[in-house]
Amino acid sequence: MNKGRIQIRTKSETNRIHIQGIGDVGINRDYGFATKLRAPDSVVEWLGKQEPVLKSAATDGIYYIKAEPVYTDDSWKILIHGEPALNTPYGALIGLTENTNAKMVIDFVTQNNMTGIMMEEEE
């Protein structure tokens, strides 16, 4: 069994990010899942300045950067690795709101036994 992986496309449309999950348990794709999530303009703009390093699970192109599930403050978030730091020393941290697409991300994380990073609450 492979440990799942989450990755974020560096180029996206306004107010949205494209996220792929690659793992043994598929949600809406053979390789895992793909969906779009709402995100602040600042995150979308920051993503556009990142250098893609990961291959798409759907095509041969390299369009993505590393992301990880994070559980903090009693909720799931996504840590997107990149430089310069946006709102966390590691890159960008975005929350997952209660909607169908965010639920898909959380389902993928739990069904593929991804433990997620535990972060201390920020004061």
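The values are calculated or read from the model by the stated rules, or taken from the named source; none is laboratory data. Treat the numbers as computed from the prediction; the structure is a model and nothing was measured. Backbone-built Cβ (ideal geometry, glycine too); neighbour counts: all protein chains shown.
Residues in region 11-49 that are more than 17 Å from Lys66 (Cβ to Cβ) and among the aliphatic types (A, V, I, L, M) were compared, and the one that is surrounded by the fewest Cβ atoms within 10 Å (Cβ to Cβ) is Val25. Being within 17 Å of Arg9 (Cβ to Cβ) and at pLDDT 85 or above is the requirement here; does Leu93 meet it? No, not satisfied. The residues in region 42-69 that are outside any loop (DSSP other than H, G, I, E, B) and out of contact with any Phe, Trp or Tyr (no Cβ under 7 Å at 6 or more places or on another chain) can be counted, and the count is 15. I'm trying to understand the selection: among the residues of region 70-96, which are outside any strand (DSSP E or B) and either in contact with a Lys or Arg (Cβ under 7 Å, 6 or more places away or on another chain) or over 24 Å from Gln50 (Cα atoms) (or both)? Asp73, Asp74, Leu96 - these are the residues of region 70-96 that are outside any strand (DSSP E or B) and either in contact with a Lys or Arg (Cβ under 7 Å, 6 or more places away or on another chain) or over 24 Å from Gln50 (Cα atoms) (or both).
Of the residues Ala39, Ala58, Ala67, only one is within 17 Å of Ala85 (Cα to Cα), among the small types (Gly, Ala, Ser) and modelled with pLDDT of 90 or more; which? Even if it seems obvious, please write down each step before you answer.
Numbers: Ala39 fails: modelled with pLDDT of 90 or more; Ala58 fails: within 17 Å of Ala85 (Cα to Cα).
Step by step, each of Ala39, Ala58, Ala67 is checked, and only Ala67 is within 17 Å of Ala85 (Cα to Cα), among the small types (Gly, Ala, Ser) and modelled with pLDDT of 90 or more.
The single condition from (1) surrounded by 21 or more Cβ atoms within 10 Å (Cβ to Cβ); (2) modelled with pLDDT under 90 that Ile8 fails is (2).
Residues in region 3-41 that are in a strand (DSSP E or B) and farther than 16 Å from Ile94 by Cβ: Arg5, Ile22, Arg29, Gly32, Phe33, Ala34. Assess whether Asn15 counts as being over 23 Å from Gln111 (Cβ atoms), modelled with pLDDT under 95 and not hydroxyl-bearing (Ser, Thr, Tyr). Against the criterion (over 23 Å from Gln111 (Cβ atoms), modelled with pLDDT under 95 and not hydroxyl-bearing (Ser, Thr, Tyr)), Asn15 qualifies.
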